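The structure under discussion appears below in the form of structure tokens.
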Amino acid sequence: MKLPAWITRGSFGLSEKDSGKDADPKDGRNQNATASSARATTSNVEAGHVTAADKEMTQCLSTFDLVSLGVGSCCGSGIYLTAGMIASTLAGPSGIISFFLAGLASLLSGLHFAKLATIFPHTSGSAYVYAYVTIGELSAFIIGWGLIVEYMIGTAAAAIALSETLDTLFQEVISTTLEQKFPSVSNLDPLAALVCLVLTGVLATGVELSAKVNNFLNLLNLLVWSTFIVASFILGNSNNWTRGRGTRGLFPFGVAGVWKAVPVAYFAFVGFDGLASTGAECKTPGRSIPAAIVLSILINIVVFASVVLALTYDVDYRSLLEDTAVVDVFPMLGYPFLKYIMAVGAVSGLFAATFGSLFPLPRVVQAMAQDGLIFRYFSHIHPTRHTAMRATIFCGTVSALLAAFVDLKSDLRAALTPLISIFTALINMYLMASLSLMAWALFLAWMFFGLSVYYFYGLSLRGLTCSKKLASSKEGDDVSEVSESDTDTSPLLST
């Protein structure tokens with residue numbers, strides 16, 4: 001088996017001699033040298049994809065910051081939207097099983113992300129970089145392009161949910177006013193766009209401020225969630241768990257209802273993969289990223305299951321309001337003032353969810369631009385803010401436009417979940433089979449557009465770069481410093 005050029009090239013620190021190709025098994029020194037070179041391969045691969053832009057970013061994020069980011073990116077929509085939907089219309093009290101199954105699928109994916117994060121800790125491109133250095137450029141582009149639309153849709157959808165929550169709290173004054181002022185424009189949501197733009201400004205300012213804002217939002221959400229759980233089990237009644245269709249009790253929709261709710265529950269866990277984009281800004285990425293991924297998923301499983309349990313303990317599941325179950329459940333019990341405490345949590349949680357979806361987006365765009373697969377303009381790192389300023393502003397603006405004008409009440413994001421292990425892939429195939437034809441059509445249209453960019457821009461740019469490299473080699477220049485982003489070799493081992 002021959003090591004490909006991308007490993008044996010000087011920029012990765014391995015030559016053909018070092019690869020151990022001609023090592024004598026009887027020579028202990030050669031065996032040790034071969035083993036040492038093999039162990040170095042992984043770190044050399046990673047080093048080849050750590051760009052100068054990565055080194056310009058501020059390394060200030062702790063494990064706590066990453067756990068907060070992972071929990072916040074999921075808990076907002078999971079607590080205040082998904083849990084109520086599952087409890088009221090899909091599975092009733094048995095929705096806790098749906099969340100455990102969805103959490104298991106997420107954990108399996110998370111474990112693979114955690115493993116890859118230990119191998120390539122100092123990178124900012126998340127699954128895009130992992131794919132690049134393991135299975136090749138084209139596959140990496142497809143995954144990266146999918147991540148971009150996933151994060152954009154996630155940001156806009158969370159902002160819309162926040163806007164709708166605020167509108168509900170103010171007796172739908174906002175939506176009514178917009179319908180009167182702009183009767184010919186449907187799905188207009190300037191408040192959601194404003195949320196995206198404000199958070200874009202926070203992200204562009206710097207990662208330290210971003211982490212502080214996110215931690216504050218999650219602290220508020222934690223206090224409200226604790227209040228909700230305690231108040232629910234004080235004011236509720238366990239008899240609500242046994243009321244259902246006929247004698248089904250905790251399974252009012254049967255086992256079929258549990259399985260039907262799994263794809264919806266899985267939606268609540270999408271977001272932990274964004275933690276893998278923080279390698280260039282984390283103090284100890286090799287330890288912090290894997291720990292944060294696993295901890296955030298486990299925390300979210302407990303939180304989501306507890307919310308379903310509490311909601312169905314408070315009232316009969318058929319009495320819950322699908323879109324605002326957590327906010328409106330206590331007025332049904334005669335305690336309307338608790339609604340406003342829950343509303344604070346809903347606002348802070350959905351702010352954190354919007355922030356969690358937007359946070360990794362410019363980092364993936366910057367990483368792909370740095371490699372020349374999309375426009376290099378977005379690879380720039382601001383010299384004083386140490387952020388991908390251009391990519392951040394662009395991504396935030398596009399997300400704001402989506403939030404303002406597009407109806408995003410669909411399950412498109414589930415189609416972009418990474419398929420990593422065999423068992424996880426089987427679970428995700430079931431989730432993808434639940435998607436609508438419209439979701440698949442939109443997904444295929446987006447991928448067609450992305451592949452067009454890759455073919456007409458990325459490949460032509462990289463071909464030009466390779467030509468320059470060849471010309472330099474003929475002139476006797478040292479080409480070992482050409483970065484991995486300037487070559488067109490595939491990282492697959494060839495026999």
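The values are calculated or read from the model by the stated rules, or taken from the named source; none is laboratory data. This one's a predicted model, so the numbers in the text were calculated from it and none came from an experiment. Methodologically, a virtual Cβ is constructed for each residue, glycine included, from the backbone with ideal geometry; neighbour enumeration extends over all protein chains shown.
Look at the range 258-278 and say how many of its residues are in a helix (DSSP H, G or I) and touching a Lys or Arg at 6+ places or on another chain (Cβ under 9 Å). It would help to see each step written out before you state the result.
Of the residues in the range 258-278, the ones in a helix (DSSP H, G or I) are 258-269, 272-278.
This time we only want the ones that are touching a Lys or Arg at 6+ places or on another chain (Cβ under 9 Å), so: 267, 274, 277-278.
Going through the range 258-278 one residue at a time, the tally reaches 4.
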Review point. Which helices (runs of 4 or more DSSP H) sit wholly inside the range 1-115 and have at least 1 residues that are modelled with pLDDT under 50 and surrounded by fewer than 20 Cβ atoms within 10 Å (Cβ to Cβ)?
Key: 5-8, 28-49
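With a cut-off of at least 2 residues that are polar (S, T, N, Q), name the helices (runs of 4 or more DSSP H) lying wholly within the range 316-397.
Working: elements: 325-332, 338-358, 361-370.
So the answer is 338-358, 361-370.
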Revision key, fill the gap. Picked from the range 243-290 (must be in contact with an Asp or Glu (Cβ under 7 Å, 6 or more places away or on another chain) and at pLDDT below 80), the residue surrounded by the most Cβ atoms within 10 Å (Cβ to Cβ) is Ala280
Review point. Would you say Leu138 is touching a Leu at 6+ places or on another chain (Cβ under 8 Å), touching a residue at least 40 places away in the same chain (Cβ under 8 Å) and more than 27 Å from His386 (Cβ to Cβ)?
Key: no
Practice item. Output yes when any residue across the range 172-182 is among the small types (Gly, Ala, Ser), surrounded by fewer than 24 Cβ atoms within 10 Å (Cβ to Cβ), within 28 Å of Ser77 (Cα to Cα) and out of contact with any helix residue (DSSP H, G or I) (no Cβ under 6 Å at 6 or more places or on another chain), and no when none is. Key: no
Practice item. Answer yes or no as to whether Tyr340 is hydroxyl-bearing (Ser, Thr, Tyr) and surrounded by fewer than 18 Cβ atoms within 10 Å (Cβ to Cβ). Key: yes
Review point. Among the residues of the range 239-262, is any over 22 Å from Ala91 (Cβ atoms) and among the small types (Gly, Ala, Ser)?
Key: no
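Restrict the check to the range 128-135 and report whether at least one residue is crowded, with 20+ Cβ neighbours inside 10 Å, among the hydrophobic types (A, V, I, L, M, F, W, C) and either part of a helix (DSSP H, G or I) or touching a strand residue (DSSP E or B) at 6+ places or on another chain (Cβ under 7 Å) (or both).
Yes, that holds for at least one residue.
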Exercise for review: Determine whether Tyr335 is within 27 Å of Leu101 (Cα to Cα) and either at pLDDT 90 or above or surrounded by fewer than 24 Cβ atoms within 10 Å (Cβ to Cβ) (or both).
Suggested key: no
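Among the residues of the range 214-228, which ones are closer than 17 Å to Ala305 by Cβ and either at pLDDT below 90 or surrounded by fewer than 16 Cβ atoms within 10 Å (Cβ to Cβ) (or both)?
Result: Ser226, single match.
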Exercise for review: Could you tell me whether Gln370 is in contact (Cβ under 8 Å) with a residue 12 or more places away in the chain and within 17 Å of the chain's Cα centre (by Cα)?
Suggested key: no
Point to revise | Boolean, Gly286 is touching a Cys at 6+ places or on another chain (Cβ under 6 Å) and either aromatic (Phe, Trp, Tyr) or within 24 Å of Ser210 (Cα to Cα) (or both) | key: no
Study note, to complete from the structure: Within the range 169-201, of all residues that are at pLDDT below 80 and hydroxyl-bearing (Ser, Thr, Tyr), the one nearest to Gly349 (Cα to Cα) is Ser186
Check your understanding: So, of the residues in the range 117-143 that are farther than 19 Å from Ala291 by Cβ and hydroxyl-bearing (Ser, Thr, Tyr), which turns out to be modelled with the lowest pLDDT?
Key -> Thr134
